Amino acid sequence: MPLGKAYLVGAGCGRADLITVKGARLLQQADVVLYDRLIDMALLAHCRPDALLVFCGKEPGKHHQQQIDINQLLVTHVQAGRQVVRLKGGDPFLFGRGGEEALVLVAHQLPFEIVPGVSSAIAVPGLAGVPVTQKGVAAAFAIVAGYETPDKPSSTTDWDALAHVPTLIILMGVRRLRQIAAVLQRRGRAAATPAIAISNGGTPQQQIARGTLSTLADVMAEQGVSSPAVIVIGDVANNQ
């Protein structure tokens with residue numbers, strides 16, 4: 001039996017129309033679609049009526065599929081000769097565990113292709129009117145995952161360096177924001193640094209909270225701005 005092929009596809013952020021043309025075409029052709037929680041479910045309308053759709057969503061404390069099981073689904077269906085789309089929110093290689101899945105496919109000598117997507121890290125601030133770089137304001141930015149305790153002894157994240165990057169973008173950091181803000185201030189970032197959080201960016205449910213590094217967590221709590229959210233810290237957050 002000839003092998004199928006896996007496509008690790010970025011769904012873009014927020015709206016269904018932010019997927020790439022190639023990503024949409026592959027959805028139309030796929031035999032199997034393994035899809036994540038943070039995609040726009042309207043994208044599944046692209047799929048064939050006979051396609052197998054498998055929800056692989058993850059949220060804090062609740063995984064509908066463990067990563068090892070997702071890996072095995074990819075392998076099993078490609079080995080069975082099927083065209084498989086692994087549909088991930090944003091871009092598959094930015095905190096999407098796409099690298100792990102690609103390595104599993106390599107280990108099994110199975111064909112695959114990466115189809116990049118529009119990442120929420122840059123697009124969500126842009127949709128809210130915040131450029132992550134701007135001449136004369138910020139010539140560099142960094143993206144960090146915020147789900148770990150920032151002062152965890154075993155952490156490999158260099159918070160000293162991150163405290164001094166002109167624009168710091170935090171994904172998955174709502175629960176830890178107060179701790180992160182405290183660590184950044186201890187490492188030299190000014191408490192008055194502008195900060196913004198955009199929840200459900202690019203969707204009709206989008207919410208925005210504005211404050212400073214020291215106040216943003218409180219503002220978010222007062223306004224009910226919750227996860228998923230992109231947090232931007234830096235002078236660009238003053239842009240409206």
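Which ordering of 41, 220, 172 is given by a fewest-first count of other beta-carbon atoms within 10 Å?
On the way: 41 10, 220 25, 172 18.
Ordered by Cβ neighbours within 10 Å, fewest first: 41, 172, 220.
Based on Cβ point charges of +1 for Lys and Arg and -1 for Asp and Glu, what charge dipole magnitude is obtained for the stretch 121-238 about its Cα centre, in debye rounded to the nearest 20?
Approximately 40 debye in magnitude.
So if I place +1 on the C-beta of Lys and Arg and -1 on the C-beta of Asp and Glu, and nothing else carries charge, what would the dipole magnitude of the chain be about its Cα centre? I want it in debye, nearest 20.
It comes to approximately 80 debye.
So how much slack lies between residue 205 and residue 218, counting 0.36 nm per residue of separation and subtracting their Cα-Cα distance, in nm?
2.7 nm
Given the C-alpha centroids of the stretch 141-167 and the stretch 1-56, what is the distance between them in whole angstrom?
Cα centroid of the stretch 141-167 versus Cα centroid of the stretch 1-56: 32 Å apart.
Restricting to bridges with both residues inside the chain, how much of the DSSP beta-bridge set is antiparallel, in percent to the nearest 5?
If I count the DSSP bridges inside the chain, around 45 percent turn out antiparallel.
Need one number: nm distance between label points at residue 29 and residue 106, each 7 Å from Cα along Cα→Cβ, rounded to one decimal.
2.4 nm
What length, rounded to one decimal in nm, is gained on full extension from residue 160 through to residue 22, with 0.36 nm per residue of separation minus their alpha-carbon distance?
Length difference between fully extended and current span is 45.7 nm.
Assuming a ≥ b ≥ c are the square roots of the Cα gyration tensor eigenvalues, decide whether the stretch 5-118 counts as rounded (a/c under 1.5), prolate (otherwise, with a/b larger than b/c) or oblate.
Since a/c stays below 1.5, the shape of the stretch 5-118 is classed as rounded.
Assuming a ≥ b ≥ c are the square roots of the Cα gyration tensor eigenvalues, decide whether the stretch 121-238 counts as rounded (a/c under 1.5), prolate (otherwise, with a/b larger than b/c) or oblate.
oblate
Rounded, prolate or oblate, given the Cα gyration tensor of the stretch 95-146, with a/c below 1.5 counting as rounded?
Prolate.
Relative contact order of the chain, please, whole-number percent, based on alpha carbon pairs below 8 angstrom and at least 6 residues apart.
20 percent
Specify the longest stretch of the chain that does not include any exposed loop site, a site being one of the trypsin sites (Lys or Arg not before Pro) with a non-H, G, I, E, B DSSP assignment and at most 16 other Cβ atoms within 10 Å. Don't skip to the end; give the middle numbers.
Numbers: sites that count: 37, 135, 175, 187.
Formally, the longest exposed-site-free interval is 38-134.
Taking R0 as 51 Å, what FRET efficiency do you get between residue 185 and residue 3 from their Cβ-Cβ distance, rounded to the nearest 0.05?
After rounding to 0.05, the efficiency reads 0.45.
The numbers here are math on the coordinates, done by the rules we state, and not lab data. Everything numeric in this text was worked out from a predicted model, so none of it was measured. All Cβ positions, glycine included, derive from the backbone under ideal geometry; neighbour counts span all protein chains shown.
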